[in-house]
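Working notes for the structure below.
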Amino acid sequence: MATIRTAVRVEGVVQGVGFRPFVHALATGLGLTGLVGNDLDGVFAEVEGPAAAVSEFLRRLERDAPPLARIERVTATAVAPRRSAEFVIAASDAGSGVRRTLVSADTATCADCLRELGDPADRRHRYPFINCTNCGPRFTIVRDVPYDRSLTTMAPFAMCERCAAEYHDPADRRFHAQPTCCPACGPRLTLDDATDPLQAAAELLRHGRVLAVKGLGGYHLAADAACEPAVAALRRRKHREDKPFAVMAADLAAAAELAEVDATAADLLTSPARPIVLLPRRPGAAVAPATAPGNRQLGIMLPYTPLHHLLLAAVARPIVLTSGNVSDEPIAYRDDEAGETLKDIADAFLTHDRAIHVRTDDSVTRTFRGRPMLVRRSRGYVPEPITTSTAFPRPVLACGAELKNTFCLARGRHAFVSHHIGDLENAETLRSFTEGIEHFRRLFDIDPRVVAYDLHPEYLSTKYALELDGVELQGVQHHHAHVASCLADNGHGVEAGPVIGVAFDGTGYGPDGTIWGGEFLAAGLAAFERGGHLAPVPMPGGAAAIRQPWRMAAAYVADPEVARRHPDQWPAVIAMAARGVNSPLTSSAGRLFDAAAALLGVRDSINYEGQAAIELEQLADPGEAGVYPARVEAGSPFRICGSDLLHAVIEDRTNRVPAPVIAARFHHGVAALIEAGCLLMRERHGLGTVALSGGVFQNLLLLNAVVGRLEAGGFRVLLHGRVPCNDGGISLGQAVIAASRS
Ligand code: ZN
Ligand code: ZN
Ligand code: FE
């Protein structure tokens, strides 16, 4: 029988850990010889044997690939036979100068491991650190590349004989599973000196105590989600006034008792990434009011580590699980730091001795019209690259924005958008930012030649970029980056023509010295033109106007009701706005929502970003379809009078129209003005595709109304999916813009 040899190249296997063993098993099962390995561009294999077996190999390669392997492309070419006698797995090529290995995202406990976890006969029965090639910690434990146990935080744990045997057996589920371990050789769970830490933890939670729990990417704080005193105590001690807490439910059925879970949401909840999913809360759901005060939504996630599975089973009810920090500080992830910062919040610590190398927050998602949308892309997704349709000609670092910062390192067709770094406004987050960049550079062997940054001179990410030597610097306008991010998210490359970019958000530096945020751009990747925007208003007091939405109401309209609530400050604020003292001009859509919220008495001051707009959305009557009109001043750029909507709000309020109706009409008014802006852009620029980006589009009531109007008007609408529409997506946009210019 003819022996043929075929070289196979499999591209885009970013979750490479389980892939080489799979290829090994497949090849040996078919009696083929050869080798499998990985290099800079992915996994390669050479197989040799009877022609029929080789083609069967190729067929099964794609069909039966392990659950975590994401294959972009398989190419096969004939090569000369080598007559090798066996099939081998080539060692990681650390010596070849190629440092990149395929570090995957942290992955929820797989079904096989769960079965063993619950099997009294298994040696890992109830072991909180069980994992295998298909699941477990990855990104959060990797200290350096190549991805090998010695370079992870599992290094201090010497494998016992049985674990080592599994680790070295290509036929075993734990072959080359770097974090593999067992009760005899792996990490240990502790809660003070309790003999059964899990039972002790469950007892404490059931008695209304607050528990610190060490997770994958940091410490969480936990409390019984149905126990108001416990959740209220957690809120008080954490100094978190209103921002909602997430809840962990044991399984889909438990989640469905708390919120409406449709098929898309169920897929997200049970996906290997196990993000928090924001869901419509069921009326009467057994959740303490302090969990998500005044919110129709509930953030729910399912257990993603064996520890979570065991804990939820022991507590037997949903728990609040929120990041272990005080107020707006980053989540604590080192044991000493957690012990210090959480000691006054937590009544006890459920912890262990496997170190976390990279602080990684839970990811947050939601669904819109049957598709998932990332709100915060972090644990479970990072560091998987976003594949771009155009290759980066030179390696790029994009430094992101200020709030919800992420950075992005890119080369080839891969953009590695970082985990959520947070708001770059203290030393700790700045350290995460700079160390994170160094870490990614090593992990993915990227030495950036081009560095992109936001035009805002005061952003710490901008200052970081401007201090770098020997690189090409590319300043990128904030809202151009938003729109480019949406284009890249949708797989549009350099060759795609310009689109209408609608960037509605809170704050972004405009090249004209004003603060932008209600923008209609004719934008491609390389360049943009500002076609129109919301008419600018002063922000009295600058940043104070962001914290106190009533100031924005005052800047827009002289409303006696708002004036009456702030008699002492009102005259000064009005004078400040009129004279332009400490009152930068802004076209921000976020500030327009703030003003409406204040006029309706929803909120005069906020304690987390976007709070007033979020509460206004919550208030709105979903059944109301009325629309407030807004004038368009048809200059170039055109200006849309957001103040018209606010005058309509006041008029309806005076006529005692219920606030939920007014809130809805305001939302539909914003949607209508976006449609009007897009129609004008189409007329003037001949463009038919609209990309929607910016944090304002996290508002689903608005987004739904906008998409409905635009699609009815014959526009093609691009939305975010893989990266957030908020500033967490900025770094990706900066990266593709910088690449297209260089
Ligand atoms: Zn597993
Ligand atoms: Zn062991
Ligand atoms: Fe923004």
Mind listing whichever residues of the stretch 702-731 are farther than 20 Å from Gly669 by Cα and crowded, with 24+ Cβ neighbours inside 10 Å?
-> His720, Val723, Pro724, Cys725, Asn726, Asp727, Gly728, Gly729, Ile730, Ser731
Here the qualifying pairs (Cβ atoms under 7 Å; residues six or more apart or on different chains; first in the stretch 209-235 and free of Cβ contacts under 8 Å to residues at least 24 places away in the same chain; second among the small types (Gly, Ala, Ser)) come out as Pro229/Gly208
Can you tell me how many residues in the stretch 307-340 are at pLDDT below 95 and of a type in the set (S, T, N, Q)?
-> 2
Quickly run through the stretch 174-186 and pick out the residues that are surrounded by fewer than 18 Cβ atoms within 10 Å (Cβ to Cβ) and either within 14 Å of ligand 1 (Cβ to nearest atom) or aromatic (Phe, Trp, Tyr) (or both).
-> none
The one condition Thr75 fails out of (1) farther than 27 Å from Gln178 by Cβ; (2) modelled with pLDDT of 80 or more is (2)
In the stretch 136-147, which residues are β-branched (Val, Ile, Thr), in contact with a helix residue (DSSP H, G or I) (Cβ under 9 Å, 6 or more places away or on another chain) and not in a loop (DSSP other than H, G, I, E, B)?
-> Val142
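Yes/no per residue for (1) β-branched (Val, Ile, Thr); (2) crowded, with 18+ Cβ neighbours inside 10 Å:
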position: Gly324; (1), (2): no, yes
position: Ser327; (1), (2): no, no
position: Glu340; (1), (2): no, no
position: Ala348; (1), (2): no, yes
position: His357; (1), (2): no, yes
position: Val364; (1), (2): yes, yes
position: Phe392; (1), (2): no, yes
position: Ala398; (1), (2): no, yes
Has the stretch 189-198 got at least one residue that is within 16 Å of ligand 2 (Cβ to nearest atom) and modelled with pLDDT of 95 or more?
-> yes
Single residue of the stretch 130-147 satisfying the filter (under 19 Å from Leu311 (Cα atoms) and under 25 Å from the mean Cα position of the chain (by Cα)) that is nearest to ligand 2 (Cβ to nearest atom) | Asn131
Might you let me know whether the stretch 22-33 holds any residue that is free of Cβ contacts under 8 Å to residues at least 60 places away in the same chain, buried (at least 18 other Cβ atoms within 10 Å of the Cβ) and assigned to a strand (DSSP E or B)?
-> yes
Would you please list the contacts, defined by Cβ atoms under 6 Å and residues six or more apart or on different chains, that run from a residue in the stretch 140-154 that is closer than 19 Å to Ala90 by Cβ to a residue that is small (Gly, Ala, Ser)?
-> Pro146/Ser92; Pro146/Ala94
Complete set of residues in the stretch 368-390 that are of a type in the set (S, T, N, Q) and crowded, with 21+ Cβ neighbours inside 10 Å = Ser378, Thr388
With respect to Ala527, is the statement that it is more than 16 Å from ligand 3 (Cβ to nearest atom) and of a type in the set (Gly, Ala, Ser) true?
-> yes
For the stretch 148-165, how many residues meet the condition of being surrounded by 19 or more Cβ atoms within 10 Å (Cβ to Cβ) and either within 12 Å of ligand 2 (Cβ to nearest atom) or outside any loop (DSSP other than H, G, I, E, B) (or both)?
-> 6
With respect to Asp621, determine if the residue is farther than 30 Å from Asp328 by Cα and in a helix (DSSP H, G or I).
-> no
Could you say whether any residue in the stretch 715-736 is farther than 23 Å from Arg377 by Cβ and in a loop (DSSP other than H, G, I, E, B)?
-> yes
Restricting the stretch 293-309 to residues that are over 20 Å from the mean Cα position of the chain (by Cα) and part of a loop (DSSP other than H, G, I, E, B), the residue that is surrounded by the fewest Cβ atoms within 10 Å (Cβ to Cβ) = Gly294
So His352, is it more than 24 Å from Val723 (Cβ to Cβ) and buried (at least 22 other Cβ atoms within 10 Å of the Cβ) = no
(1) more than 25 Å from His533 (Cα to Cα); (2) polar (S, T, N, Q); (3) buried (at least 23 other Cβ atoms within 10 Å of the Cβ): which one isn't true of Gln618, the others all being true?
-> (3)
Please enumerate the residues belonging to the stretch 153-180 that are under 22 Å from Val36 (Cβ atoms) and polar (S, T, N, Q).
-> Gln178, Thr180
Quick check: anything in the stretch 418-440 buried (at least 21 other Cβ atoms within 10 Å of the Cβ) and farther than 22 Å from Glu329 by Cα?
-> yes
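Each row is one residue, and each column tells you yes or no for (1) in a helix (DSSP H, G or I); (2) within 21 Å of Gly517 (Cβ to Cβ); (3) not assigned by TED's automatic domain parsing to the domain that holds Gln297.
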{"position": "Ala595", "(1), (2), (3)": "yes, yes, yes"}
{"position": "Val627", "(1), (2), (3)": "no, no, yes"}
{"position": "Asp644", "(1), (2), (3)": "yes, yes, yes"}
{"position": "Arg656", "(1), (2), (3)": "no, no, yes"}
{"position": "Arg665", "(1), (2), (3)": "yes, no, yes"}
{"position": "Ala672", "(1), (2), (3)": "yes, yes, yes"}
Counting only residues that are more than 28 Å from the chain's Cα centre (by Cα) and within 22 Å of Gly733 (Cβ to Cβ), how many does the stretch 668-719 have?
-> 6
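The values are calculated or read from the model by the stated rules, or taken from the named source; none is laboratory data. Since the structure is predicted, the reported quantities are computational estimates derived from the model, not experimental observations. Cβ coordinates were reconstructed from backbone atoms using ideal geometry, including for glycine residues, and neighbour counts include every protein chain displayed.
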